[in-house]
Amino acid sequence: MRSIKMTLVVLGAALIFSGCVPSLHSFFTEENIVFNDALLGVWMSDSGAKCTFTKSDENHYEFLHVDETAARFEARLIELDGVTFLDLYPHKRDSLYPAHFVPAHTLARVTIGEGSISIAPLDDNWLRKLNDRNDLNLAHERFADGAIVLTAPTRELQAFVLSNAKSKEAFGNAEVFHRLKPAR
């Protein structure tokens, strides 16, 4: 049963954000959460992808990402030693279909500028290479197709992320979004 759940996590995450690394545990604790009004609004990338950040709670966002398909997430902006990240978690839906999938957290490094944001997800290819060299010292599962799901607890995830936060390989390929309209 555990391996079926793990496989579903990988499949669900792969369909929404190919190239991202799913984690069973969040990358944040309550003391890491920050809120920045500058993130609120509608954004568009040079590739035509569109995203919207709206305030959903005192210090949480709802994140809608529309490219070829739409995906809605609960999002938390977090700060770890001065580096800003976005923890994304699939938005709950009211139907039986999603009950058959195990949702997972994904992480991206975020830079918020004047009129632009850049979002760089934790790269799954980089993680696979680490694992292939036996340098991935973090609890995880690897499947026959090479997909990796992180299973480490939050504090260990944070330590790992911080040790690789400035790595261009770990957080490469940032997508830059430009503000279309601010939140009202």
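The values are calculated or read from the model by the stated rules, or taken from the named source; none is laboratory data. Because the structure is predicted, anything quoted here is derived from the model rather than measured. In this analysis, Cβ positions are derived from the backbone assuming ideal geometry, glycine residues included, and neighbour counts consider all displayed protein chains.
Annotation note: Cβ proximity below 8 Å between a residue of segment 42-62 that is without any contact (Cβ under 8 Å) to a residue 40 or more places away in the chain and within 18 Å of residue 26 (Cα to Cα) and a residue that is assigned to a strand (DSSP E or B) and of a type in the set (Phe, Trp, Tyr) (sequence gap 6+ or interchain) occurs for 61/53; 62/53; 62/73. Working carefully through the options 38, 71, find the one that is surrounded by fewer than 18 Cβ atoms within 10 Å (Cβ to Cβ) and over 25 Å from residue 165 (Cα atoms). Every option except 71 fails the conditions.
Looking for something more than 16 Å from the chain's Cα centre (by Cα) and more than 25 Å from residue 153 (Cβ to Cβ) - is there at least one such residue anywhere in segment 69-86? Working first, answer last.
In the first step, residues of segment 69-86 are kept if they are more than 16 Å from the chain's Cα centre (by Cα); the result is 69, 81-82.
Applying the additional criterion that residues be more than 25 Å from residue 153 (Cβ to Cβ) yields 69.
The answer is yes, given that some residue of segment 69-86 is more than 16 Å from the chain's Cα centre (by Cα) and more than 25 Å from residue 153 (Cβ to Cβ).
May I ask you to list the residues in segment 130-178 that are modelled with pLDDT under 95 and among the basic types (Lys, Arg)? Of everything in segment 130-178, those that are modelled with pLDDT under 95 and among the basic types (Lys, Arg) turn out to be 142, 166, 168.
Taking segment 105-184 and the strands (runs of 3 or more DSSP E) fully enclosed by it, the elements with 1 or more residues that are surrounded by fewer than 20 Cβ atoms within 10 Å (Cβ to Cβ), in contact (Cβ under 8 Å) with a residue 60 or more places away in the chain and in contact with a strand residue (DSSP E or B) (Cβ under 7 Å, 6 or more places away or on another chain) are at 106-112, 116-121, 140-142, 175-182.
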